[in-house]
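The values are calculated or read from the model by the stated rules, or taken from the named source; none is laboratory data. Being a predicted model, the structure only gives us computed values, none of them experimental. Here the Cβ positions follow ideal geometry from the backbone for every residue, glycine too, while neighbour counts run over all protein chains shown. When the accessible area is computed, the model is the full protein with side chains, heavy atoms only, and any ligands, DNA or RNA have been set aside. Shrake-Rupley method; radii C 1.70, N 1.55, O 1.52, S 1.80 Å.
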Amino acid sequence: METSLERIRKDIEALSHFNATPGCGVTRFSYSKEDRQARDYLLEQFKSLDLDVSIDGVGNIRARYLGKDSDAPIVMTGSHIDTVLNGGKFDGVAGVVGALEIVRVMHENDIRPTHSVEIVIFTEEEGSNFYSTMAGSKALTGKYGIDDLKKISNENGVSMFDVARQFGLTPENVEEHRIRPGEVKAMIELHVEQGAVLDDEKKTIGIVNAIAGMKTFVVTFTGKSNHAGTTPMYLRENPMSAAAQVISEVEDILQQVGTHSTVGTVGKIICVPNVPNVIPNKVAFTLDVRDVDPRGIRAAVAEFKKRVADKAAAHKVEVDISLIAQGQAIQLAGTVVGTIETAAQELGLTYKKMNSGAVHDSAMMAELTDVGMIFVPSVAGRSHVPEENTPFEDIKAGCDLLLKTVLRLAR
Ligand code: GLV
Ligand code: MN
Ligand code: MN
């Protein structure tokens with residue numbers, strides 16, 4: 001019994017066409033027109049499999065393939081379908097299509113495990129709208145309540161709560177649909193590696209031991225706008241100078257105080273009014289810091305805050321640092337890691353045990369259940385870019401491993 005390469009390819013290609021930026025990678029933000037089209041495509045697939053479908057207040061989709069014992073805790077598998085701006089067609093989608101495909105194989109072979117198997121599609125994993133990664137899984141696992149959904153907002157200042165409502169959802173009910181302790185026996189997520197290790201070492205499978213923790217900040221320097229020609233340098237209160245200096249020191253901070261696995265990124269910057277001949281009055285930027293070792297994040301953030309304060313004083317500007325999202329580093333469950341490893345050996349797949357530098361919804365599930373993750377290679381390690389690529393044969397190998405693992409856990 002095995003998964004179908006052709007069906008996997010067809011699903012991934014079909015989903016990649018629900019895209020706001022054709023010709024420039026895949027862009028499919030949660031709650032967009034393209035998100036609606038992708039959801040409709042998947043819901044249509046679920047129909048032919050007689051799945052029990054439910055959608056929570058922020059749009060997390062759960063589609064249950066009933067086991068023999070409907071009271072037994074379920075085995076969950078899935079990922080996300082939202083993307084970053086101009087991202088790839090595999091991040092998240094590989095795990096959603098993999099979950100769909102293994103349920104198809106169970107359905108066509110009339111296999112009924114004891115435990116129900118549930119496909120899960122998390123909303124807003126990337127944080128592309130509201131800058132908070134994994135907002136959907138945070139809601140589903142009880143880390144975000146209604147107040148949090150009202151607090152995080154998009155570029156236009158509209159909250160996730162309101163955007164979800166405009167999409168036709170009922171975020172006011174989000175807390176009723178939370179996963180209860182004991183409801184899930186295990187969660188397995190198939191995902192592309194998004195790094196170069198498997199491709200470099202010519203291994204087909206990564207078995208994840210730990211997922212990095214992360215903190216995301218928005219730093220806002222506020223000064224005074226004035227004429228770029230008439231204002232002498234010593235009379236300026238220029239937030240751009242403060243921001244530029246501290247941004248250029250991020251690499252130095254990581255080298256000085258981080259661990260060997262700490263990474264930091266300034267990926268978004270806003271300048272107001274953003275006009276060539278006006279000194280800005282406001283410059284805001286994001287800082288994303290990650291590490292599988294929490295000490296790296298702690299040390300880097302403390303040093304970063306100190307340098308931000310120094311630059312603000314030096315340039316006579318105000319500063320605000322807001323923590324907008326965070327996730328703990330997570331060790332995955334030894335039992336699930338062992339089940340995946342045995343299955344990989346039985347299938348004759350080459351594999352490597354490794355950590356994940358990217359964050360995943362599975363990390364949010366780890367407080368509630370045993371979690372495992374299966375990686376497949378990313379060609380040249382490219383991800384969150386249009387060039388993101390994984391051979392379909394490798395995705396199929398990951399799907400076969402997912403099938404074997406899920407059947408073992410659900411039997
Ligand atoms: C999400 O994919 C992230 O790791 O930022
Ligand atoms: Mn992802
Ligand atoms: Mn991603």
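Tell me, in nm to one decimal, what length is gained between Glu176 and Asp110 on full extension, where the rule is 0.36 nm per residue of separation less the Cα-Cα distance?
Going from the current span to full extension adds 20.5 nm.
At 1.4 Å probe size, put Leu85, Leu347 in order of accessible surface, largest to smallest.
Listed by decreasing accessible area, they come as Leu85, Leu347.
Among the lysines, select those whose C-alpha is under 17 Å from the C-alpha of Lys352, and discard any that sit fewer than 8 residues away in the same chain.
List returned: Lys202, Lys203.
Over segment 283-411, what is the mean sequence separation of C-alpha contacts under 8 Å (at least six apart), divided by residue count, expressed as relative contact order in percent?
RCO, segment 283-411: 23 percent.
Leaving out ligands and nucleic acids, and using a 1.4 Å probe, what accessible area per residue does the chain come to in Å²? Present the calculation step by step, with values, prior to reporting the outcome.
Working: 17170 Å² over 411 residues.
The answer is 42 Å² per residue.
Using a 1.4 Å probe, how large is the accessible area of Glu201, given in Å² and rounded to the nearest 10?
Approximately 80 Å² of Glu201 is accessible to the 1.4 Å probe.
Run the helix sum for the chain: -39,500 (n - 2.57) per DSSP H stretch of 4+ residues, divided by residue count, reported at 222 nm to the nearest 500 deg cm²/dmol.
-10500 deg cm²/dmol
Glu172 accessible area, nearest 10 Å², 1.4 Å probe?
My reading of the accessible area for Glu172 is about 80 Å².
Spin-label point model (7 Å from Cα, Cβ direction): what's the Met233 to Asp71 distance in nm?
In this crude spin-label approximation the distance works out to 7.8 nm.
Relative to the longest principal Cα axis of the chain, at what angle does helix 33-47 sit, 0 to 90 degrees, rounded to 10?
Result, in degrees: 10.
Ranking request for peptides 330-342, 271-283, 135-147: highest mean number of other beta-carbon atoms within 10 Å first, then the rest in descending order.
135-147, 330-342, 271-283
Would you look at the GNM of the chain, springs on alpha carbons closer than 10 Å, and say which of Val84, Val26, Val319 moves the most?
Judging by the Gaussian network model, the answer is Val319.
Kindly express, to the nearest 10 degrees and within the range 0 to 90, the angle between helix 392-410's C-alpha long axis and the longest C-alpha principal axis of the chain.
70 degrees
How many angstrom separate the Cα center of segment 308-330 from the Cα center of segment 236-303?
Distance between centres, Cα-based: 8 Å.
Rounded to the nearest percent, how much of the accessible area of the chain (1.4 Å probe, protein heavy atoms only) is carbon and sulfur?
Whole-percent figure for carbon plus sulfur exposure: 49.
To the nearest 20 debye, what charge dipole does segment 81-217 have about its Cα centre, counting +1 at the Cβ of each Lys and Arg and -1 at the Cβ of each Asp and Glu?
280 debye
Only bridges with both residues in the chain count here: give the DSSP antiparallel percent, nearest 5.
Rounded to the nearest five, the antiparallel share is 65 percent.
Report, to the nearest 10°, how far helix 334-346 tilts away from the longest principal axis of the Cα atoms in the chain, using its own Cα long axis and a range of 0 to 90°.
60 degrees
Rounded, prolate or oblate for segment 1-147? Axes are the square roots of the Cα gyration tensor eigenvalues, ordered a ≥ b ≥ c, and the cut-off for rounded is a/c under 1.5.
oblate
Report the relative contact order of segment 199-292, percent, no decimals, based on alpha-carbon pairs under 8 angstrom and at least 6 residues apart.
Values: 143 pairs, mean separation 39.8, N = 94.
Relative CO of segment 199-292 lands at 42 percent.
So for Met1, Met240, what's the accessible-area order with a 1.4 Å probe, most first?
Met1, Met240
Ranked highest first by average number of other Cβ atoms within 10 Å, how do 87-99, 297-309 line up?
Output ranking for 87-99, 297-309: 87-99, 297-309.
Name the residue farthest towards the positive end of the dipole of segment 211-342 from the options Ile253, Leu287, Val272, assuming +1 on Cβ of Lys and Arg, -1 on Cβ of Asp and Glu, about the Cα centre.
Result: Val272.
Once you order the gyration tensor axes a ≥ b ≥ c over the Cα atoms, which shape class does segment 274-387 get: rounded for a/c under 1.5, otherwise prolate or oblate by comparing a/b with b/c?
Because a/c hits 1.5 or more and a/b exceeds b/c, segment 274-387 counts as prolate.
Compute the Cα gyration tensor for segment 198-280, then decide on rounded, prolate or oblate, letting a ≥ b ≥ c be the square roots of its eigenvalues: rounded whenever a/c is under 1.5, prolate when a/b is larger than b/c in the other cases, and oblate in all that remain.
prolate
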